[in-house]
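**Q** Below is one structure. I have some questions about it.
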Amino acid sequence: MKSYRTLAGPSEGLYRERGSKFLATATPIQQVEEVSMLLAASRKLHPKARHHCFAYRLGYDGESIRMSDDGEPSGTAGKPILNQLIARNLTSVVVIVVRYFGGKLLGAAGLLRAYRMAAELALDNAQVETRYVMTSYAISCPFEHVGRLEEQLGKLNVLIYSRDFNAVPRFLVGLPMGEESTCIARILSGTLNLPLEQIGDAPKYGGIEFTPSDEKESHLS
């Protein structure tokens, strides 16, 4: 199954250097829009802070990245923060480091160390978890199979997003990415009480049909 490492929840770290205070917050995210919201909240919470530097990674493989020095010398803030995320193989995480200036210049080396240490402390305090990537599927079935289908979904711990019992019963579920065919076959086999060999790898059998859906994307720990 496809998986990735992220944080279970927010965490903080505090580093002090020659009077300056560096407060780091590490937060799990799923969309880039959350970064702007978190930055706005940080600036509201720390209106007297001189800098709000950050870095994030998004995507199952951490392929989407961005960093900001927010007025610090180029490469002295965002890059060391991002390097901590890369070194720990974390994604879907943003780290914001707020700096309160202490009156003494730290130089490029001092800034690099301070931002790295602040991010490191926040991540050290975080709980890391592995999440499995789920693919969304819609399942339609005749009414006579609803009970058995729900029973099989429960037995296989399939994530159910929604149920609709209008004209045609319909379930929106999440199946582990990379194992969709196997899961579908097991669900059909159990629901229809047929051997797996008879089901094969068909996404439709006995009036029950599985259709890939983009209605919901999920990550199950």
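The values are calculated or read from the model by the stated rules, or taken from the named source; none is laboratory data. Source: prediction; values computed, not measured. Backbone-built Cβ (ideal geometry, glycine too); neighbour counts: all protein chains shown.
**Q** Listed residues LEU85, LEU39, LEU105, LEU58; which is surrounded by 15 or more Cβ atoms within 10 Å (Cβ to Cβ) and farther than 28 Å from MET177 by Cα?
**A** LEU39
**Q** Which residues, taken from region 168-193, are more than 11 Å from LEU149 (Cα to Cα) and without any contact (Cβ under 8 Å) to a residue 12 or more places away in the chain?
**A** Of everything in region 168-193, just one residue is more than 11 Å from LEU149 (Cα to Cα) and without any contact (Cβ under 8 Å) to a residue 12 or more places away in the chain, namely THR182.
**Q** Tally time: how many residues in region 160-175 are under 19 Å from the mean Cα position of the chain (by Cα), within 13 Å of PHE210 (Cα to Cα) and among the hydrophobic types (A, V, I, L, M, F, W, C)?
**A** Total meeting the criteria: 2.
**Q** Please report, ordered by residue number, the strands (runs of 3 or more DSSP E) entirely within region 106-221 with at least 2 residues that are under 30 Å from ASN89 (Cα atoms).
**A** Per the criteria, 128-140, 159-164, 170-176, 218-220.
Each row is one residue, and each column tells you yes or no for (1) more than 17 Å from MET1 (Cβ to Cβ); (2) out of contact with any Asp or Glu (no Cβ under 8 Å at 6 or more places or on another chain); (3) at pLDDT 90 or above; (4) assigned by TED's automatic domain parsing to the domain that holds TYR60.
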{"site": "VAL158", "(1), (2), (3), (4)": "no, yes, yes, no"}
{"site": "ARG170", "(1), (2), (3), (4)": "yes, no, yes, no"}
{"site": "LEU175", "(1), (2), (3), (4)": "no, yes, yes, no"}
{"site": "CYS183", "(1), (2), (3), (4)": "no, yes, yes, no"}
{"site": "LEU194", "(1), (2), (3), (4)": "yes, yes, yes, no"}
